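One structure is given here, and the rest of the page talks about it.
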Amino acid sequence: MTEQGAARRGPGGGGADEPVRVGAGGDRPDPFAGRESVLVAEHLRKSYVGGDGSELVVLDGVAIDVRAGEVVAVVGASGAGKSTLLHLLGGLDRPTRGTVSVAGESLDLLGADALATARNRKLGFVFQFHHLLREFNALENVMMPLRIAGADEAVAEARARELLDDVGLSARTTHRPWQLSGGEQQRVAVARALANRPLVLLADEPSGNLDTQTSERLHDLFFRLREEHGVAMVIATHNRELADRADRVLRLQKGRLGDLYEA
């Protein structure tokens with residue numbers, strides 16, 4: 001993959017006969033044209049005050065528009081700000097300037113309680129380190145977002161069992177995180193992220209702590225679940241194989257986000 005074209009592949013994974021849009025102004029059809037925008041960020045800036053009092057700019061003028069069912073990969077060097085970007089898109093941090101909207105709702109206009117509700121009901125999160133609660137088993141971990149959202153225990157359990165079955169862990173529901181392999185723990189985290197049927201799943205280096213074979217299985221899972229659940233995804237990754245499977249690849253460099261071109 002080179003920096004000379006921008007590619008969008010269709011929802012099926014991108015074959016040679018599927019429509020591909022090359023370049024921001026390319027003349028090939030966009031397979032996501034006409035689909036609802038589920039995540040929109042405009043003019044995002046994030047800066048911090050350094051120890052010497054100077055301003056450290058991490059993101060500057062970032063914009064992104066993610067459509068329903070689209071998988072967008074964000075690549076860039078370590079320290080480029082990929083995690084910071086995902087935290088802003090997910091409402092885990094506030095931008096210095098700019099806006100983030102999920103399904104038309106501006107996160108920057110929400111108070112703390114309303115923002116927490118929006119995160120719980122509209123967004124799912126998967127991190128490099130799964131962040132499962134060690135004192136709870138797999139089933140209870142997946143139930144947690146549902147219970148926080150006010151779901152009845154029986155409803156939450158039924159949904160959690162369904163999702164654990166989807167990710168191939170129906171036989172591991174009573175196992176606690178320390179009894180699961182790294183790949184299994186990450187699959188529980190994916191199931192948990194999908195618990196409340198989010199519009200967008202945000203994944204930060206989801207396979208960065210896994211071996212090659214386990215990573216490939218996790219990537220397969222992401223794209224199968226995209227087809228089955230229709231969830232859009234923004235995935236920050238160093239993994240070229242995962243990025244190559246995305247519908248669109250964006251590079252974060254020097255605080256700015258742009259198309260990564262493919263010849």
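Looking at the structure I just gave you, is Ser181 surrounded by fewer than 15 Cβ atoms within 10 Å (Cβ to Cβ) and of a type in the set (Ser, Thr, Tyr)?
Criteria met by Ser181.
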**Prompt:** Taking the stretch 120-165 on its own, how many of its residues are buried (at least 16 other Cβ atoms within 10 Å of the Cβ) and in contact with a Phe, Trp or Tyr (Cβ under 8 Å, 6 or more places away or on another chain)?
**Reply:** 1
**Request:** Filter the stretch 207-224 down to residues that are part of a helix (DSSP H, G or I) and either touching a Gly at 6+ places or on another chain (Cβ under 7 Å) or within 15 Å of Arg187 (Cβ to Cβ) (or both), then give me how many there are.
**Result:** 12
**Complete:** Of the candidates Glu157, Glu228, Glu162, Glu184, the one satisfying the condition of being in contact with a Lys or Arg (Cβ under 8 Å, 6 or more places away or on another chain), farther than 24 Å from Gly76 by Cα and among the acidic types (Asp, Glu) is Glu184
**Item:** Boolean, Glu227 is modelled with pLDDT of 85 or more, assigned to a helix (DSSP H, G or I), acidic (Asp, Glu) and closer than 26 Å to Arg197 by Cα
**Value:** yes
**Request:** Would you please list the contacts, defined by Cβ atoms under 7 Å and residues six or more apart or on different chains, that run from a residue in the stretch 227-254 that is free of Cβ contacts under 8 Å to residues at least 60 places away in the same chain to a residue that is crowded, with 24+ Cβ neighbours inside 10 Å?
**Result:** Asn239/Ser207
**Matching entry among Val72, Val62, Val100 (being out of contact with any Gly (no Cβ under 8 Å at 6 or more places or on another chain), part of a strand (DSSP E or B) and either under 18 Å from Ala236 (Cα atoms) or at pLDDT below 90 (or both))** = Val72
**Item:** Candidates Leu139, Leu88 - the one that is part of a helix (DSSP H, G or I), of a type in the set (A, V, I, L, M, F, W, C) and either out of contact with any helix residue (DSSP H, G or I) (no Cβ under 8 Å at 6 or more places or on another chain) or on the phi > 0 side of the Ramachandran plot (or both)
**Value:** Leu88
**Asked** Of the conditions (1) at pLDDT below 90; (2) under 17 Å from the mean Cα position of the chain (by Cα); (3) over 23 Å from Glu36 (Cβ atoms), Val126 fails just one. Which one is it?
**Response** (3)
**Message:** Conditions first: (1) within 30 Å of Thr96 (Cβ to Cβ); (2) under 17 Å from the mean Cα position of the chain (by Cα). Gly255 passes all but one, so which condition is the exception?
**Reply:** (2)
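Residues to consider are Ser47, Ser83, Ser78; find the one that is among the polar types (S, T, N, Q), modelled with pLDDT of 80 or more and under 23 Å from Asp220 (Cα atoms).
It is Ser83.
The values are calculated or read from the model by the stated rules, or taken from the named source; none is laboratory data. Since the structure is predicted, the reported quantities are computational estimates derived from the model, not experimental observations. Every residue, glycine as well, gets a Cβ built from its backbone with ideal geometry; the counts of neighbours run over all protein chains shown.
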